[in-house]
Amino acid sequence: MPPDAAARGRGAATVVALTTARRATRSAVLWGALFGWLVFDEARRYYDDFPTDASREDFARSLGTNTALTAVIGPARRLETLGGYVAWRLFGLLIIVGAIWGLLLATRLMRGEEDAGRWELLLAGRTTRRHATGQALAGLAAGLAVLWTLTAGFTLAAGLDPDVDLSVSSSLFYATAATASAAMFLAVGALTSQLGPTRRQATGLAAAVFGVSYLVRMVADSGLGLAWMRWASPLGWVENLRPLTGSQPLALLPVVLAVVAAGGAAMVLAGRRDVGAGLLARPEAARANLRLLGGPAALVVRLERWVALAWIAGLALLALIFGVVAESAAEADIGVEEIEEVVGRLGGRGGGALAWIGYEFLFIAALVAFAAAGQVSALRGEEADGHLDHLLARPVSRARWLAGRVGFGAGVVALIGLATGVGGWMGLASRRSDIGFVEMLQAGVNVAAPALLILGVGTLLYGLAPRLAAPLLYVLVLWSFLVQVVGSSITDNHWVLDTAVLSHVGPVPATSLEWTAVAWLTGLGLAATLAGLAAFQRRDLASA
């Protein structure tokens, strides 16, 4: 073989891997540095925040038995030690963020590249679909390696401090555990990229796996004697690693098996489908259906109706479960005192089931905010994929299109608020609770208000910097969730707390609905939306 032909063969064998690795590592550098710095900062500040044994024991006593926090971010073990504090303070957050990062990155760099038509060009060369998928997985693995390296490096640097004094093995194992969920959901995203016929559907399938895993893990950690259920959840497997609090390396076995199985399945399935198709697509040709194609507002209903219904039904079901759990936990006196203390810091006055459901609905508020961010991501995807060019080539104005999309998003948020209020009331009513229907409807309004602001801010970001809109919005929601759940337990600095959108609503129905706050959040969201509409009309369309 001539030298130039050999070089071309080697290039065809690695071009997908190198391209994917280059794009994956750019994202991994950002998140790896964030992961590592958070660990470094928390470890170095521990003895400043808790200088005496008495202060550490008081902190462990007040939060170590908080069942609600345990359900949301994982169990607190050995909080009176530096390792236990760092594990509790960050580990639950890192594995959630890592899983979301992994599934979004995998579907974007695999299914997203295929949707954009770039894989057709690559597969026209000297490679096969199966080989190209293997290369893409290698590129994703390079991104994961960067994420792990930065997390491990910062953790090791913190451990070198004489006050921190974490061993090298403990630091490396913590970094491995903190990035294990990212590894699993990179593989899950690669697998769903073969199943879903579009990036959006592939992401939805991966997100469904994450949602079920998280829900099962929450039930396992809810204090109802179901800890064994952690072994039924991929996130539970990561939690069972217990870094810095009695490490369990054997719990890595199901994690490794899951990564290998999902990655291998992705490669096998890639060779059994056509480019641009998904294995879950219907093989037969469907009859033309022209319903909901009479205008941009109707089109968004057609495009987004199933995603919207999934959010509405899923969160209504979650609210129903929370209602049942709240009343049952109150009757059994499971963590009631600790929940009441947390709710009291958030402005609540009720006790028992009122405190439980009020606290749990703050978690639902974060999920509704994620749903609103997803609507912004969807409209950006329509522009990035080039579909918007065809719409605007017709007699459809930019303002009309964007107003229809944002209006649909606001309607989805309102319906989620209504559905969660009704679902929570049904769960409470099934346990003969005294909490009324009107109170739970107000709780639904309360969870919708921050999401309307998120939708408005997202529209503004979309109008100004479309490529950054979705990432920045998801960061804002994650930060708000962290500050709302943990911030009031750590600091009373109102400048920090006010940066979280969710901190501006109370734990309704444990406290009265603040209609003034609802009006301000809604009004600011509307103002941001109008500014975003104006900015969108003055910029060029931006492709992927």
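Observations on the structure shown:
- Every pair of residues 6+ apart whose Cβ atoms lie under 6 Å, when the first sits in segment 200-214 and is assigned by TED's automatic domain parsing to the domain that holds Leu105 while the second is outside any helix (DSSP H, G or I) and not basic (Lys, Arg): Ala202/Gly196; Leu205/Gly196; Ser213/Ser233
- The criterion of being surrounded by 14 or more Cβ atoms within 10 Å (Cβ to Cβ), at pLDDT 70 or above and part of a helix (DSSP H, G or I) does not hold for Val268.
- Among the residues of segment 230-276, those that are within 20 Å of Trp88 (Cβ to Cβ) and of a type in the set (A, V, I, L, M) comprise Leu235, Val238, Leu241, Leu244, Ala251.
- Ala393 under 22 Å from Leu526 (Cα atoms), among the small types (Gly, Ala, Ser) and surrounded by fewer than 19 Cβ atoms within 10 Å (Cβ to Cβ): no
- Residues in segment 180-198 that are at pLDDT 90 or above and under 15 Å from Ala208 (Cβ atoms): Met184, Phe185, Val188, Gly189, Leu191, Thr192.
- Just one of the numbered conditions (1) closer than 30 Å to His131 by Cβ; (2) modelled with pLDDT of 70 or more; (3) outside the structural domain of Ala182 (by TED's automatic domain parsing); (4) of a type outside the set (Gly, Ala, Ser) is not true of Arg10: (2).
- Close Cβ contacts (under 9 Å, 6 or more residues apart or on different chains) running from residues in segment 148-175 that are without any contact (Cβ under 8 Å) to a residue 24 or more places away in the chain and under 25 Å from Ala99 (Cβ atoms) to residues that are surrounded by fewer than 17 Cβ atoms within 10 Å (Cβ to Cβ) and of a type in the set (Val, Ile, Thr) comprise Leu156/Val168.
- Where helices (runs of 4 or more DSSP H) sit wholly within segment 162-248, those with at least 3 residues that are hydroxyl-bearing (Ser, Thr, Tyr) occupy 168-195, 199-220.
- Residue satisfying all of: in segment 88-105; hydrophobic (A, V, I, L, M, F, W, C) and over 19 Å from Leu150 (Cβ atoms); modelled with the highest pLDDT among these: Leu103
- Matching residues in segment 417-444 - criterion: being among the aliphatic types (A, V, I, L, M) and either crowded, with 20+ Cβ neighbours inside 10 Å or closer than 21 Å to Trp311 by Cα (or both): Leu418, Ala419, Val422, Met426, Leu428, Ile435, Met440, Leu441, Ala443
- Of all residues in segment 280-298, one or more are at pLDDT 75 or above and either charged (D, E, K, R) or in a helix (DSSP H, G or I) (or both).
The values are calculated or read from the model by the stated rules, or taken from the named source; none is laboratory data. Bear in mind that the values here come from a model prediction, so they are computed numbers and not experimental data. So basically every Cβ, Gly included, is an ideal-geometry build from the backbone, and we count neighbours across all protein chains shown.
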